[in-house]
Amino acid sequence: MRSVMRNGESVKNLVRKNRKFYILMIILALIPWFLEAYDSELYFFASPYIINTLKISQSYIGITASVFAIGIAVFSMVGGYLFDKISPKYVIVSAVGLFTIFTILTGYVSNGIELVIYRFLVGVGVGIFQPATAAFAGDLLNTTRALRIGANSVAFGIGLFVAPYVISPFLPNFSLPFLISGIMSIISLALFFYFVPVNYREEVRERIDLRKIINLNTIILSIIILSFGIALFAFLGYYSDYLLYGLNLSKSEATIIASMNGLGELAFLLPIALLSDKVSRKISLISSSMILTLASIGLFIGYTGYLQMVLLTIAWGAGYGGLIVSVISFSQDIVPDEVVGSVTGFMFLTFNIGAIFGAPLMGLLIQSYGFEKAGLLAIALPSFIALLLAVIIRHKNGKKD
């Protein structure tokens, strides 16, 4: 495999010639998504215990969720822009390196100020590698774009699924699971640095023209994913609290139910991605938004039984995984290849602007109305807005024009 890369050819040329290399590139692009999900779910599930250990206010859950999202949002456009302007190899390795340092330090935090700083810098690393790896995977070949981006999201789902089981036996202690996150990150960046060529594509890198990125469809897609960002971080920030304190479930019950979010994404994302590639981006987008809306309503109308909560959480994971893949694939389809990284960064920028407000909004609404009404307003309503916008967007099939 290493000999294949010594001739100085670009990643895109090599994937056309060597299927093993193509598969390797897909795997290396999806590992950071697993790490991101593992770290974020680890943190959100452990956050009540971290807060208690540090003896700081519960408001730090919302604050740290927001600064994490701010770090991602501010640097998402940077990550996408750098993908188009310099070698994605150096962009992704540097970003994963930054992430590695501060995911480890999260496990050894000693006060509230450190916690805020560490989570912000984890977000900066994610903000850079998230759009860069999505563009890396999505633009390898113009066919089956959603399937490759979906593979990244499946890795994300595995991370969400695994994290509660890893940390649960250690609670109220939380240091070792974050150290494990750092070790996996080090392995990831070493593999990416060793195997990925410096050149991604043969085309000459040109000055990026915003007119190639912004059009009516990308604006609608950005509002859809912004609404979803609000819903997702409202959900991730307080779902474990809702299960533990709103519904008064046991820790073991809450662990199993929370993990079903990742399982839902894992089980249904690739079928939705195939629907997007082979049938229609619009149909996959509408389907995902509808599943997300209905599952959100079901989860927050009150406790309907353990099995129902498991199934609804699976559905929620399926909906949100499919929505992300549909939006990112759709946006990459409707712009020229030379700005694929930048439009991907734009989508993640707007997503994370929504994410900044999701957890604090949910926290404020919980204080005023309780968990159920807060969930309907902060999670179900933005999901419904995304559904309405998905209905009006112009149809696009799975193949680039």
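Is there any pair linking a residue in the stretch 371-382 that is among the aromatic types (Phe, Trp, Tyr) to one that is in a helix (DSSP H, G or I), with Cβ under 6 Å and at least six apart or on different chains, and which?
From the stretch 371-382, the pairs are Phe371/Tyr242; Phe371/Gly246.
Suppose we keep only residues that are of a type outside the set (Val, Ile, Thr) and either closer than 19 Å to Gly341 by Cβ or without any contact (Cβ under 8 Å) to a residue 24 or more places away in the chain (or both) within the stretch 106-122. Which one would you say is surrounded by the fewest Cβ atoms within 10 Å (Cβ to Cβ)?
Across the stretch 106-122, the extreme among qualifying residues is Glu114.
Count, please, the residues in the stretch 22-32 that happen to be without any contact (Cβ under 8 Å) to a residue 60 or more places away in the chain and either touching a Cys at 6+ places or on another chain (Cβ under 7 Å) or surrounded by 19 or more Cβ atoms within 10 Å (Cβ to Cβ) (or both).
So the count comes out to 0.
Considering only residues that are surrounded by 15 or more Cβ atoms within 10 Å (Cβ to Cβ) and in a loop (DSSP other than H, G, I, E, B), look in the stretch 172-214 and name the one that is modelled with the lowest pLDDT.
Across the stretch 172-214, the extreme among qualifying residues is Ile208.
Can you say whether Ser368 is at pLDDT 90 or above, in a helix (DSSP H, G or I) and within 21 Å of Ser284 (Cα to Cα), as far as the supplied structure shows?
no
Okay, residues lined up against (1) over 28 Å from Glu253 (Cβ atoms); (2) touching a residue at least 24 places away in the same chain (Cβ under 8 Å); (3) crowded, with 24+ Cβ neighbours inside 10 Å:
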| position | (1), (2), (3) |
| --- | --- |
| Gly305 | no, no, no |
| Val310 | no, yes, no |
| Gly321 | no, yes, yes |
| Val325 | yes, yes, yes |
| Met347 | yes, yes, yes |
| Gly354 | yes, yes, yes |
| Gly358 | no, yes, yes |
| Leu361 | no, yes, no |
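Within the stretch 216-317, which helices (runs of 4 or more DSSP H) (wholly inside it) include 2 or more residues that are at pLDDT below 90?
Where helices (runs of 4 or more DSSP H) fall fully within the stretch 216-317 and carry at least 2 residues being at pLDDT below 90, they are 216-241, 251-278.
Report yes if some residue within the stretch 80-91 is more than 22 Å from Val325 (Cα to Cα), assigned to a helix (DSSP H, G or I), polar (S, T, N, Q) and over 18 Å from the mean Cα position of the chain (by Cα); otherwise report no.
Among the residues of the stretch 80-91, not one is more than 22 Å from Val325 (Cα to Cα), assigned to a helix (DSSP H, G or I), polar (S, T, N, Q) and over 18 Å from the mean Cα position of the chain (by Cα), which makes the answer no.
Could you check how many residues of the stretch 97-119 are assigned to a helix (DSSP H, G or I), within 21 Å of Ile167 (Cβ to Cβ) and not small (Gly, Ala, Ser)?
13
The values are calculated or read from the model by the stated rules, or taken from the named source; none is laboratory data. None of these values were measured; they are calculated from a predicted model. Note that we place each Cβ from the backbone using ideal geometry, even for glycine, and neighbour counts take in every protein chain shown.
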